[in-house]
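Values quoted throughout were computed directly from the atomic coordinates according to the rules given, and no laboratory measurement underlies them. Since the model is a prediction, treat every value here as computed from it, not as a measurement. Here the Cβ is made from the backbone with ideal geometry for all residues, glycine too, and neighbour counts use every protein chain on show.
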Amino acid sequence: MDRTTHLRQRLDDIGRALAQHDDALALIGLGSVGRELDRLDVYSDLDFFVIVRPGAKDRFLENTDWLEAAAPVVFRHRGTGDGLHVLFADGIYAESAVFTVAELGRAAYTPGRIIWKQPWVSDDLAAPAARPRPRGGWTQAKLLGEIQCNLYVGLLRFRRGERQAAAREVQLYAVDRLLQLAATMEPEQTTHVDPFANTRRFEQRFPQMAAHLGAFQQGYDRTPESAAAILDFLSARFPLNEGMTAAIRALL
């Protein structure tokens, strides 16, 4: 059995295990095991929601017999109040959440795929009632201003000896803004978009910007070099504030 078939089979097995529990109502596959099966590959994990009756949530989060019935579990972690992360003995990793129907109605998620449900449960559960908030509110000018501030503050911290804080300011925060800026600089290529994480499939969506990311994130000891690469990239494409540009270059 190839890996992708194995992943789909594991999700079906979890559905069959849930069917043995009266308090379980539905299993919803998400992401690459939901409605985006075309991107399922050997590196995919399992993302799914388990819908249960009121009062049964803690039982499914604390007692993983419903997962063990599908396959042996070697690692489990409660990530949030709703979430459960597990690693199966055969290397399949799963991120799940357990909700009641009422809680699911308040959750924001991308449309999923019903894997299993009680006969009387509506298929509509797979589609969210609350949609993710669209990205926005950042103009190109605001993004450029934020990036320049990130570079300046990060370099000050680097010179002070705060290399961890500096690396985050330049190679994380500034780069996050650059990822947002990409949408104003090049056409987004057609692929699956994750409304919760702009970093997902960024290389496929914005290949021109992605070609520079290695230079923007050169590592813990190379924050000045990373900042210089970001500043050079922006200076070649936008009319940046001369005063701030000079102040940043003075710290390089």
Rounded if a/c is under 1.5, else prolate if a/b beats b/c, else oblate: with a ≥ b ≥ c from the C-alpha gyration tensor eigenvalues square-rooted, which is the chain?
prolate
Taking a ≥ b ≥ c as the square roots of the eigenvalues of the Cα gyration tensor of region 140-251, is the shape rounded (a/c under 1.5), prolate (a/b larger than b/c) or oblate?
prolate
What do you get for the angle between helix 223-235 and the principal long axis of the chain? Use alpha-carbon atoms, 0 to 90 degrees, nearest ten.
80
Using alpha carbon centroids, what distance separates region 13-87 and region 201-231, in Å?
36
Residue separation times 0.36 nm, minus the C-alpha to C-alpha distance between D2 and A211: what's the value?
72.0 nm
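Using only DSSP helix segments of four residues or longer, with each worth -39500 (n - 2.57), what per-residue ellipticity at 222 nm results for the chain after dividing by its residue count and rounding to 500?
Calculated from helices alone, the mean residue ellipticity at 222 nm is -11000 deg cm²/dmol.
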Treat every Asp and Glu Cβ in region 140-251 as -1 and every Lys and Arg Cβ as +1, leave all other atoms uncharged, and give the resulting dipole magnitude about the Cα centre to the nearest 20 debye.
240
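Only Lys, Arg, Asp and Glu count, each charged at its Cβ (+1, +1, -1, -1), so figure out the dipole size of the chain about its Cα centre, rounded to 20 debye.
It comes to approximately 740 debye.
Two decimals is fine: what's Rg over Rh for region 3-126, C-alpha atoms, Kirkwood radius as Rh?
On the way: Rg = 13.2 Å, Rh = 14.3 Å.
Value, to two decimals: 0.92.
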Relative to the longest principal axis of the chain, what angle (0 to 90°, nearest 10) does the C-alpha long axis of helix 140-160 take?
80
Among all stretches of the chain without exposed trypsin sites (Lys or Arg not before Pro) (DSSP loop, at most 12 other Cβ atoms within 10 Å), which one is longest?
136-236
